[in-house]
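Colleague: Structure in structure tokens, see below.
The values are calculated or read from the model by the stated rules, or taken from the named source; none is laboratory data. No experiment lies behind these values; they were computed from the predicted model shown. Methodologically, a virtual Cβ is constructed for each residue, glycine included, from the backbone with ideal geometry; neighbour enumeration extends over all protein chains shown. These accessible areas exclude ligands, DNA and RNA; they are computed on the full protein's heavy atoms, side chains included. Shrake-Rupley method; radii C 1.70, N 1.55, O 1.52, S 1.80 Å.
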Amino acid sequence: MIKEVEFKPPFSYTVEYIKDNKTVGTLSYSLIYDRMELDNIEVKKEYRNKHIGTKLMSYLVSIAIEKHVVNITLEVRQSNAIAISLYKKFGFREVALRKNYYEKENGILMEKQVM
């Protein structure tokens, strides 16, 4: 079950994925007028590979469509192949490389056009 748990006016939101009466995944995003940014997505280690990240991303995309968002952007560590694969599954594409964005590691800026 996904539930909206936090709203920090005026633009930030957090949702949780609840399983076995525990929060096992979270997703935080910003919605600024007609643009959305995925700030963070995390699934507890023992619940990974159970499609929870996919369900959280589906929720994010559905909110973007409902709110008539133009695009969703995110940044991800260049070494995080699992996350990059998830994002690409949802139609995100790599649009820029940010050198040393994570101290000594590059970050990839990814974008999905929604509208």
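Colleague: Could you list, in sequence order, the residues of the stretch 6-48 that are of a type in the set (A, V, I, L, M) and within 20 Å of VAL69 (Cα to Cα)? Can you show your working first?
Modeller: Narrowing the stretch 6-48 to residues of a type in the set (A, V, I, L, M): 15, 18, 24, 27, 31-32, 36, 38, 41, 43.
Once the filter is applied, which keeps residues that are of a type in the set (A, V, I, L, M) and within 20 Å of VAL69 (Cα to Cα), the stretch 6-48 yields VAL15, LEU27, LEU31, ILE32, MET36, LEU38, ILE41.
Colleague: Something else now. Filter the stretch 33-66 down to residues that are open to solvent by less than 80 Å² (accessible area, probe 1.4 Å) and of a type in the set (Val, Ile, Thr) and give me whichever is nearest to ASN106 (Cα to Cα).
Modeller: The extreme case among them is ILE41.
Colleague: Which pairs do you get when a residue that is within 13 Å of ASN71 (Cβ to Cβ) and touching a residue at least 40 places away in the same chain (Cβ under 8 Å), found in the stretch 82-111, comes within reach of a residue that is surrounded by fewer than 14 Cβ atoms within 10 Å (Cβ to Cβ) and of a type in the set (Lys, Arg), reach meaning Cβ atoms under 9 angstrom, with the pair 6+ apart or on two chains?
Modeller: What qualifies is GLU111/ARG93.
Colleague: A follow-up question, please. For the stretch 82-96, which positions are among the β-branched types (Val, Ile, Thr) and either touching a His at 6+ places or on another chain (Cβ under 9 Å) or open to solvent by less than 70 Å² (accessible area, probe 1.4 Å) (or both)?
Modeller: Step one: of the stretch 82-96, the residues among the β-branched types (Val, Ile, Thr) are 82, 84, 95.
Across the stretch 82-96, the qualifying residues are ILE84, VAL95.
Colleague: Limited to the stretch 72-115, what total is found for residues that are modelled with pLDDT of 95 or more, in a strand (DSSP E or B) and not charged (D, E, K, R)?
Modeller: Going through the stretch 72-115 one residue at a time, the tally reaches 13.
Colleague: Let me ask you something else. Taking the stretch 56-115 as the region of interest, how many residues are charged (D, E, K, R) and more than 17 Å from MET36 (Cβ to Cβ)?
Modeller: Total satisfying the criteria: 9.
Colleague: Now for a separate question. Report whether or not VAL69 is part of a loop (DSSP other than H, G, I, E, B) and either open to solvent by 60 Å² or more (accessible area, probe 1.4 Å) or touching a residue at least 24 places away in the same chain (Cβ under 8 Å) (or both).
Modeller: yes
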